[in-house]
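So the structure is just underneath, and the comments pick up after that.
The values are calculated or read from the model by the stated rules, or taken from the named source; none is laboratory data. Keep in mind it's a predicted model, so treat the numbers as computed, not measured. Positions of Cβ are backbone-derived with ideal geometry, glycine not excepted, and every protein chain shown enters the neighbour counts. SASA here: full protein model, heavy atoms, side chains in, ligands and nucleic acids out. Shrake-Rupley method; radii C 1.70, N 1.55, O 1.52, S 1.80 Å.
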Amino acid sequence: GEAAMYAGLQELGVANGEDLKETLTNCTEPLKAIEQFQTENGVLLPSLQSALPFLDLHGTPRLEFHQSVFDELREKLLERVSAIALEGKVEERYKKLEDLLEKSFSLVKMPSIQPVVMCVMKHLPKVPEKKLKLVMADKDLYKACAVEVKRQIWQDNQALFGDEVSPLLKQYILEKENILFSNDISVLHNFFSPSPKARRQGEVVQKLTQMIGKNVKLYDMVLQFLRTLFLRTRNVHYCTLRAELLMSLHDLEISEICTVDPCHKFTWCLDACIREKFVDNKRARELQGFLDGVKKGQEQVLGDLSMILCDPFAINTLALSTIRHLQDLVGQDTLPRESPDLLLLLRMLSLGQGAWDMIDSQVFKEPKMEAELITKFLPMLMSFVVDDHTFNVDQKLPSEEKGPIPYPSTIPEAFTKFLQDNKIACEIGLYYILHITKQRNKNAFLRLLPALVETFSDLAFSDIFLHLLTGNLTLLGDEFALEEFCTSLFDGFFLTACSRKENVHRHVLRLLLHLHHKVAPAKLESLQKALEPTKQSGEAVKELYNQLTEKLELRKPSPAEVTETPSMELPLPTVPTPASR
C-alpha cells in the first residue's frame, strides 16, 4: 500500500518516502537532514517560510497543511482540465490534454493523483493506444476509469465488452420472468401494463444506453449479442430489449445511432401503437410503407424488423388489434380477405412469428401466409362471435314450448387442427380465448378450452399466455365453486401439462394462491394432492406449494367446530346453472 502511495514519483524526479528513509539511514544528524528534506521538497513560496512556524504554534501538523494545499490544487487542476476540454480550437485543446496526460500518466497508480489522470483521459476523444492497453491490463485502473475511456477500450475488445454486458442481459431476463411469475394476479396490472416509455427507464436499459453513449460500434455489438442469445435460447425478451434500447437512444435524441439503424422509424411508429395497444389506420399505412419500401439488396433489414415485431409487446398489440378487427368485420358483414387492415396485421404477425427462423436460416424474405388462415380460420373465429350474439339474443326472447336453445358445446375439428399446425392461427386463437375470458364469457371459454391441450409448440403453456390467462380468470372467480368448471379447467387443461412443464405447475399454484377461497373444498383437496411437488420440482414450485399449504391450514376449521355442526357433512344438492339447464 505504501509503495502505491508514491507510485511513479521517482520517474518524475520527485523525492518520495523511500528517499527520505534512505537519507535518514545514512546520515549523522537526523534533525538537520529532515529540515533539509523539508526545504527541498516543501512548497517553494518565500512568503510561506515565515507563516509555517505560526501554524506550528497552533498545533497544526505539517501533513494537514500540505494535504489541504494539495486538495485545493487538485480541485483547481480538475476544473482547469474540464475547461481546457471546451476551449480554443479542437486540435489545440486536445494537444494540451495529450501533453498533460503524457506528463501525469506515470502517477496514475498514486491514489491522490489518479482522479486528475482519469479526468484528462475522460476528456480525450482518442486516448493513445499504449495508455489504453496499460489501463486494460490493470484491473484496478480499468475499474477506476470513466465510461468514456472504457468505451474506447471496449470498441476494440468485444470479449471484454461482452463480459460487462452479459450480467446485465441476465438480469433483464430475470426481471421479465419475475413479472410473469409474480404472485400479484390482476386483470388490471399485468405484464403488458407498463407503457413503453416507463419500461425504458428500467435499470438495465438505462445502463446499456449509458455504456453505448453515441458509439455505433458498441451499439452494433449489443445488437449482435441480442441476436446470438435470441438464436441460442429462443427467448423473446431479447427482442423486447432490442426495441427498448433503440427507443431509449431515440428518447435521448442520439442521432449518431438512430439515423444509421434502418429500423428506427418503423420501431418509432410501432412504439406509438404499443403505447395505445392498438394499430390505427394511419399508423398501419405508415408501417406498411416501411415494409413495402424494403429495397432489393437490402432484404437483410427484414431480419431486424422481424426481431422488432417478435417483441411480445408488439405481438400483443397486433393480436389485440386483430381480434378487434374481426369483431368489427362481423358487424360490417365483411369477410377477412376483404379487409386490407386485417391483412397487414397478419403480415406483421407473420413476420414477427418468423423471426427466429429467418435469423437462423439467414434467408431474408417475408414468410408466405397460408391462404386457409384467411379463408377458413378467421371466418371460423367470426362464427364463434356470431354464436355468442345469437345465444345472447335467444336468451332474451320469450321461450317457446321447446325451451331455451343450449349454448353450442362442440368445436369444429378444423379449429383444433389450426391451433396445432399453424403458429399465427394459434396466437390469434389464444388471444381470442383471452378476450372471451376477459368478457367473463364462461360458456365460450369452456367450449374452446379443450382445443388448448395440444397447440403449436405448446404455445398455450407458454408463460406469457398463462400469465394473462390467470389474470383474466380472476374475473370468473365465482365459477370456481362449480365442480364442472374446475374439472374442465384443472383436470382438462392445467394438470395435463403440470408434470412435464415446471412453469405450468408454477402458474396453477399462483392461481390457487389467489383464488383458493373460491374453490369448492373437496376439489381443493384433490388439487392439493395433484399439485404436490416431486423430487425433481424446482425451488420456486416448492416455495409456492408451501405458501398454498400454509394458507389452506389457516382456513381449516378447528375440530370443535366440525363436531358441533354434523349437518354440514351431508352432500349438498347440486344446483343446476342456467347454462346446463
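The trypsin sites (Lys or Arg not before Pro) of segment 342-410 meeting both criteria, a DSSP state outside H, G, I, E and B (loop) and at most 15 other C-beta atoms within 10 angstrom of the site's C-beta, are K365, K368, K402.
How large is the accessible surface per residue of segment 316-389, computed with a 1.4 Å probe and reported in Å² as a whole number? Spell out each step's value before the answer.
Details: 3280 Å² over 74 residues.
Normalised by residue count, the accessible surface of segment 316-389 is 44 Å².
Against the chain, whose longest principal axis comes from its Cα atoms, helix 90-104 is set at around 70 degrees. A simple charge model with +1 on the Cβ of Lys and Arg, -1 on the Cβ of Asp and Glu and nothing else charged puts the dipole of the chain at about 900 debye relative to its Cα centre. Does anything in segment 140-178 have its amide N under 19 Å from the 7 Å Cα→Cβ label point of L78, and if so which residues? Residues 141-150 fall inside that zone.
Mean separation of Cα pairs under 8 Å and 6 or more residues apart, divided by the residue count, gives the chain a relative contact order of 9 percent. Within the accessible area of segment 349-500, the carbon and sulfur atoms contribute 54%, probe 1.4 Å, all protein chains present. Seen from L446, the other residues with C-beta closer than 14 Å to its C-beta sum to a net charge of -3, counting Lys and Arg as +1 and Asp and Glu as -1. Placing a label point 7 Å from the Cα of A520 along the Cα-to-Cβ direction, the residues of segment 472-505 whose backbone N falls under 15 Å from that point are 478-492.
Compared with the direct C-alpha span, the chain from T534 to Q332 gains 67.4 nm at full extension, assuming 0.36 nm per residue.
Which entries of K103/K150; K501/K542; K296/K423 show an alpha-carbon separation above 19 angstrom in the structure shown?
On the way: K103/K150 21 Å; K501/K542 14 Å; K296/K423 28 Å.
With Cα atoms farther than 19 Å apart: K103/K150; K296/K423.
Normalised by the number of residues in segment 43-152, the mean separation of alpha-carbon contacts (under 8 Å, six or more apart) gives a relative contact order of 19 percent. Which shape class, rounded, prolate or oblate, goes with segment 191-263 when its Cα gyration tensor gives a ≥ b ≥ c as root eigenvalues, a/c under 1.5 marks rounded, and past that a/b bigger than b/c marks prolate? Oblate, since a/c reaches 1.5 and b/c is not below a/b. Between 0 and 90 degrees, rounded to the nearest ten: what's the tilt of helix 423-438 against the longest Cα principal axis of the chain? The two axes meet at around 80 degrees.
All other residues with a Cβ under 15 Å from the Cβ of L344 taken together, and with Lys, Arg as +1 and Asp, Glu as -1, what is their net charge? Write out the running numbers ahead of the final one.
Values: positive: K282, R283, R285, R324, R337, R347; negative: D280, E286, D292, D328, E338, D341, E366.
Neighbourhood net charge equals -1.
Kindly report the accessible area of segment 43-152 per residue (heavy atoms of protein chains, probe 1.4 Å, no ligands, DNA or RNA), in Å².
Numbers: 7120 Å² over 110 residues.
Computed with neighbouring chains in place, this is 65 Å² per residue.
Axis angle, to the nearest 10 degrees, between helix 30-41 and the longest C-alpha principal axis of the chain: 70 degrees.
Just from its helices, what would the mean residue ellipticity at 222 nm be for the chain, if runs of 4 or more DSSP H residues each count -39500 (n - 2.57) and the sum is divided by every residue, rounded to the nearest 500 deg cm²/dmol?
Taking each H run of at least 4 residues, the total per residue is -19500 deg cm²/dmol.
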